[in-house]
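Have a look at the structure below before the remarks.
The values are calculated or read from the model by the stated rules, or taken from the named source; none is laboratory data. As the structure is a computational prediction, the values presented were derived from the model and not from experiment. Heads up, the Cβs are rebuilt from the backbone with ideal geometry, glycines too, and the neighbour counts pull from every protein chain shown. For the accessible areas, the whole protein counts, side chains as well, though only heavy atoms, and no ligand, DNA or RNA atoms are used. Shrake-Rupley method; radii C 1.70, N 1.55, O 1.52, S 1.80 Å.
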Amino acid sequence: MESLYLIFDRKKISSAERVFLETYFPYFRRLPAPHKREFVHKLEQVLTLKKFVGRGELRQVTDEMKLLIGATLVMVTFGWKNFRLSYFHTFLIYPDDYYSTINQTYHRGEVNPRHGLIVLSWKSFVCGLTREDDGINLGIHEMAHALKLVHFILESGERGFDPESWRLYCEVRAGEMAKLSAAENSFFRSRAAADEHEFFAVMLENFFERPHEFFLHHEELYLIAFKLMRQDPRVWLVHRVLRG
């Protein structure tokens, strides 16, 4: 069924939408022309196959919202030839933080593998895009959760991580999480100490937003992440001079 949609009902990225991506999605803007064509091709697949549903007071999900959310998924999975997080078929988008009746707390985003959902607060998603060098990006964070889950869901049909690289990652992660738990100096924010899922998500936020800084502070872990993700964001991002 997916192949039929991609043949007969494929979403096409217009020239105006390409300009929009150039303006508001820095990762796309920095890619060389051949990679931009690949990016657009993958984004068209994502926009064709995923559902984008407004929740709460969000009555309409605009094409621009779909472009930015879809582009974030493509960015995170860009290292693979054909990887669309197919297990997660629907994005639920709230205008702001939303209340969960399941655990009686407010959320900015979450991943629901039982129902194939990725849930986002649009306000928090935009905040993550606005400041691209602080290592906090809700879109990357939730895509990272989905990517990690998909790798271990047998029926997903998608496998991404090299087993040896994943083994090395788990070894290094344990040491870094111990430092965080002991309140020792770490490159990552405290949220990464919550559990192994949060650590992976926070790591990828920094991998894409602060790759040079990440490499300087923890070269071993960065190189492992590079192998896991099959891409090196330092190639696209001009090095910023570190202060302090």
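Things to note:
- Applying D = kT/(6 pi eta Rh) to the stretch 7-51, where Rh is the Kirkwood radius over alpha-carbon pairs, T corresponds to 20 °C and eta to 1.002 mPa s, the Stokes-Einstein value obtained is 195 µm²/s.
- A 1.4 Å probe over all protein chains sorts Ser186, Ser15 by accessible area into Ser15, Ser186, starting with the largest.
- Estimated FRET transfer efficiency when R0 is 41 angstrom, pair Arg114-His41 (beta carbons, to 0.05): 0.85
- Computed over the stretch 118-185, the quotient of the alpha carbon radius of gyration and 2.2 N^0.38 Å is 1.39.
- For the chain, the 222 nm mean residue ellipticity estimated from helices alone, with every DSSP H stretch of n ≥ 4 adding -39500 (n - 2.57) and the total spread over all residues, rounds to -16000 deg cm²/dmol.
- The label-point distance for Ala183 and Arg59, in a model that sets each label 7 Å from Cα toward Cβ, rounds to 5.0 nm.
- Debye-formula intensities of the chain, expressed as log10 I(q)/I(0) at q = 0.11 Å⁻¹, are -0.57 (one equal scatterer per alpha-carbon, no solvent).
- Solvent exposure of the chain as accessible area per residue, Å², 1.4 Å probe: 51
- Note on His107 and Leu223: the model spin-label points, each 7 Å out from Cα along the C-beta direction, lie 3.8 nm apart.
- Taking amide H as placed 1.01 Å from N in the peptide plane, Asp96 has its amide H under 5 Å from the amide H of Trp122, Lys123, each at least 5 places away in sequence or on another chain.
- Antiparallel content of DSSP bridges confined to the chain, in %, to 5: 45
- With DNA, RNA and ligands ignored, accessible area of Met75 (1.4 Å probe; Å², nearest 10): 20
- Projected-area mean, the stretch 60-192, by convex hull of Cα positions, square nanometres: 9.7
- In the chain the longest region clear of GluC sites (Glu not before Pro) that are loop-assigned by DSSP and have at most 11 other C-beta atoms within 10 Å covers 58-183.
- For His151 and Ser14, the FRET efficiency from 1/(1 + (r/R0)^6), where r spans their Cβ atoms and R0 equals 41 Å, is about 0.75.
- With both labels modelled 7 Å from their Cα along Cα-to-Cβ, the Arg29 to Asp133 distance reads 1.3 nm.
- Rounded percent of accessible protein surface that carbon and sulfur make up, the chain, 1.4 Å probe: 53
- Counting only lysines at least 8 places from Lys179 when in the same chain, those with an alpha carbon closer than 25 Å to its own are Lys148, Lys227.
- Fraction of C-alpha pairs exceeding 16 angstrom in the stretch 126-244: 62 percent, rounded to a whole number.
- Nearby lysines by direct alpha-carbon distance to Lys50 (threshold 16 angstrom, same-chain neighbours under 8 apart not counted): Lys11, Lys12, Lys42, Lys66
- For the stretch 1-138, the alpha-carbon radius of gyration amounts to 1.06 times the rule-of-thumb value 2.2 N^0.38 Å expected for a compact globular protein.
- Dipole-positive endmost among Phe125, Phe152, Thr48 within the chain (Cβ charges, Cα centre): Thr48
- Computed over the stretch 60-135, relative contact order equals 25 percent, with contacts defined as Cα pairs under 8 Å that lie 6+ residues apart.
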